[in-house]
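Take a look at the structure set out below.
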Amino acid sequence: MNNHIKKMLRITDDNLNLISTEEANINGMNTLIIKGTYSPMPSACKNCHSSIVDREGNSIIVKNGKKEVTIRLLPYQNLPTILKLKKQRFYCRKCCHHWTAQCSIVEKNCHISKFTTLKILELLTEKISMTLIAKLCQVSLTTVLRVLKSVETQLPHQLKPRRFPEVLMVDEFRSHATNEDKMSFICADGKTGELVDILPSRKLDKLTVYFNRTPLEERKKVKFLVTDMNAAYFQLTKKVFPTAGVIIDRFHVIKHLNTAFNEFRVREMKVLISENKKSEANKLKTNWKFLLKNQLTISISEFKTWRSFPSPKYPLLTESMMIDRLLSFSPNLKEAYDSFQLLTYHFRNKDADSFFELLKNLPNSLDRLFKDKLKNLLVYETGIRNALLYDFSNGKIEAKNTHIKTLKRVSYGFKSFSNMRIRIFLINGLIKIK
């Protein structure tokens, strides 16, 4: 029976013997208590390394009572489980040294079993709060934090030189974990998506110091820096990656075009309202998503009733006809819509020459603010051309940012940036649990 219980608890130490099990109420909770003894024979003294017996056959190392310790095991059958273990104590007659036998299921000077520690580390790789982990493993929150800190040595050291991939994705996320800067910096491999590092600040001076710790020969191996339209990263490329090209993430270019058109639509709605055409303005507000839709995916054959144009007052309309009716409310909006759709068409087809030719020769009759917003993209021409030429994007690092947001939400935020950094590396599988 002893061996069966040991197999159930995954205990392989032959010197550990289980005596009995019972259930008792501890701190208001029914707890499974397992009692056992641990009495291995030492091979030598821990202090003077004397053998067990001398040449005459007299015992040098003798047993000297037992010490009972309580070891926290993993819950069994949803019951908190503890092991009350009586460990053998020894005495050396030669050097008068006392010591207690060390059991293999627990670290020295610790009462949490290795199985529990591994379970805590495994749960730390999931997007759940540390309070919930403490509850599931029947330990304190301090214990979970201590286990989290125990793997900090496996993190990349921010004060040492690093090796960077050929394609480096950079971005920022809101951490709220430091008083220095609310926005933290994150970078990853553009080819594999593997996380490279996380820094507490995205400020240019801090990033420059961090990257300059790596020798120039290593930094010259970075061929591309994939980023959004943050001007600081363009300066970063010139300062620390002199041979790298910049790739603007395609999503942010489309987002820029959509935002420019949407802002102009809102201004036109206000003009319609000032002209006592509130009904037309409301229709533009309700159907704004259709105006941003890719023209190639707009239906031209399916007739149906639309919420803004109900029958029988209005005939059945296709999606294309409904959009034409919306654009008829404002000639300026119709002209802006045509330019907007043509720009997105060239961009989706990765026709960089046509895209920038149209951008440089926008009609003079276009709204000035709308035209200026579009022409801001000319500042990033090199990066956008690279984006249309190569397949790299920031999609993988944006996915990591989404996971970080989820982790922050379920954890109710992080006070310590280092704790958050360890959790992120654990979730991304970059810290090996042994």
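The values are calculated or read from the model by the stated rules, or taken from the named source; none is laboratory data. What you see is a predicted model, and the numbers here were worked out from it, not measured in a lab. Glycine also receives a Cβ, built like all others from the backbone with ideal geometry; neighbour counts cover every protein chain displayed.
The set of residues in the range 244-272 being among the aliphatic types (A, V, I, L, M) and closer than 14 Å to Leu366 by Cβ consists of Leu257, Ala260. Please verify whether Glu398 is farther than 30 Å from Phe185 by Cα and surrounded by 14 or more Cβ atoms within 10 Å (Cβ to Cβ), treating the condition exactly as stated. When the stated conditions are applied, Glu398 does not pass them. The set of residues in the range 125-152 that are assigned to a loop (DSSP other than H, G, I, E, B) and in contact with a strand residue (DSSP E or B) (Cβ under 7 Å, 6 or more places away or on another chain) comprises Gln138, Val139. When Glu122 is tested against the conditions (1) charged (D, E, K, R); (2) outside any helix (DSSP H, G or I); (3) at pLDDT 90 or above, the lone failure is (2).
Of all residues in the range 106-135, those that are loosely packed, with under 14 Cβ neighbours inside 10 Å and polar (S, T, N, Q) have Cβ atoms under 9 Å from Cβ atoms of residues that are in a loop (DSSP other than H, G, I, E, B) and at pLDDT below 95, 6 or more apart or on another chain, in Thr131/Ser411; Thr131/Tyr412. Within the range 24-43, the set of residues being surrounded by fewer than 10 Cβ atoms within 10 Å (Cβ to Cβ) and either outside the structural domain of Leu79 (by TED's automatic domain parsing) or among the charged types (D, E, K, R) (or both) is empty. Within the range 202-242, the residues that satisfy the criterion of being of a type in the set (Ser, Thr, Tyr) and either in contact (Cβ under 8 Å) with a residue 24 or more places away in the chain or in the same structural domain as Asn376 (by TED's automatic domain parsing) (or both) are Thr208, Tyr210, Thr214, Thr227, Tyr233. Exactly one residue out of Ile82, Ile19 is farther than 21 Å from Ala134 by Cβ, in contact (Cβ under 8 Å) with a residue 12 or more places away in the chain and in contact with a Ser or Thr (Cβ under 8 Å, 6 or more places away or on another chain), and it is Ile19. Here Leu343 meets the list (1) loosely packed, with under 14 Cβ neighbours inside 10 Å; (2) of a type in the set (A, V, I, L, M); (3) at pLDDT 95 or above almost entirely, failing just condition (1).
If the condition is being exposed (fewer than 14 other Cβ atoms within 10 Å of the Cβ) and either of a type in the set (Phe, Trp, Tyr) or in a strand (DSSP E or B) (or both), then the range 156-182 contributes only Arg174. Of the residues screened, Ile404 is one that is over 30 Å from Tyr337 (Cα atoms), out of contact with any Cys (no Cβ under 8 Å at 6 or more places or on another chain) and modelled with pLDDT of 90 or more.
What is the residue count in the range 97-147 for residues that are more than 21 Å from Asn15 (Cβ to Cβ) and among the basic types (Lys, Arg)? Number satisfying all stated conditions: 4.
Among helices (runs of 4 or more DSSP H) entirely within the range 239-306, having at least 3 residues that are basic (Lys, Arg) singles out 250-274, 278-286.
Out of (1) surrounded by 14 or more Cβ atoms within 10 Å (Cβ to Cβ); (2) closer than 30 Å to Asn332 by Cβ, what's the single condition that is false for Lys278? Exception for Lys278: condition (1). Of the helices (runs of 4 or more DSSP H) contained entirely in the range 371-434, those carrying at least 2 residues that are at negative phi and touching a Leu at 6+ places or on another chain (Cβ under 7 Å) fall at 417-427.
Of all the criteria given as (1) surrounded by fewer than 14 Cβ atoms within 10 Å (Cβ to Cβ); (2) within 25 Å of Ser140 (Cβ to Cβ), the one not satisfied by Arg55 is (2). Among the conditions (1) touching a helix residue (DSSP H, G or I) at 6+ places or on another chain (Cβ under 8 Å); (2) among the charged types (D, E, K, R); (3) not in a helix (DSSP H, G or I), Lys313 misses just one, which is (1).
Summed over the range 35-81, the residues that are among the acidic types (Asp, Glu) and part of a loop (DSSP other than H, G, I, E, B) give a count of 2.
Here Ile128 meets each of (1) touching a helix residue (DSSP H, G or I) at 6+ places or on another chain (Cβ under 9 Å); (2) within 30 Å of Tyr38 (Cα to Cα) with one exception, condition (2).
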